[in-house]
């Protein structure tokens, strides 16, 4: 009877681990939409309190809730700059908590395993280089880079807290400032507000992708 191949088992386990944030995020999205349908007034009234909204942002990042949902909600509940400030404060706090948690042995083992997988292995030279702070900024801007995964890997690779926090802050600011204007512009149907903001989102993402490709260098 042939023995199981450890590498084959690892290949089967890691995609499951990497897809876990997506699964949890989808489940939470469905759950919150359902709650919002039945308790819309109560939830809106609660989240209009800045302290409760900050807590909601913090928990959403810790439990893999899609960040774009929080960004849009901030524009619907608060003036754009207020919503951006609350969102960034929650983002940075959640990121630092995950970074710190990644220093314990269990989370570090998970982070190391994820880094070895083909889907994220390319992040290793970026986050280990002398431009790790810039790499974090770029990864935060990218729409397909999972927020908490970047925090976990950064803690696993022992990126200094100052560089990690500054990179997270700079990377979160563009989307936190722009998405609320998109949300308000669509709800108020004001193309003069949401079209330039949406174009800025696309431009920022394109620049981040170009920067990432240059940092990765030739294959």
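Every read-out reported here was derived from the displayed coordinates using simple, explicitly stated rules and does not represent laboratory data. Note that the structure is predicted; figures quoted are calculated from it, not measured. Note: ideal-geometry Cβ built from the backbone for every residue, glycine included; neighbour counts use all protein chains shown.
Expressed per residue, the C-alpha convex hull volume of region 158-219 stands at 96 Å³.
Compared with the alpha-carbon gap, the fully stretched path from residue 166 to residue 44 is longer by 40.8 nm at 0.36 nm per residue.
Among 159, 72, the ranking by other beta carbons within 10 Å of each residue's beta carbon, starting with the fewest, stands as 72, 159.
This ranking places 214, 140 by how few other beta-carbon atoms lie within 10 Å of each, fewest first, which gives 214, 140. Each of 81, 153 has some number of other Cβ atoms within 10 Å of its Cβ, and from fewest to most they run 81, 153.
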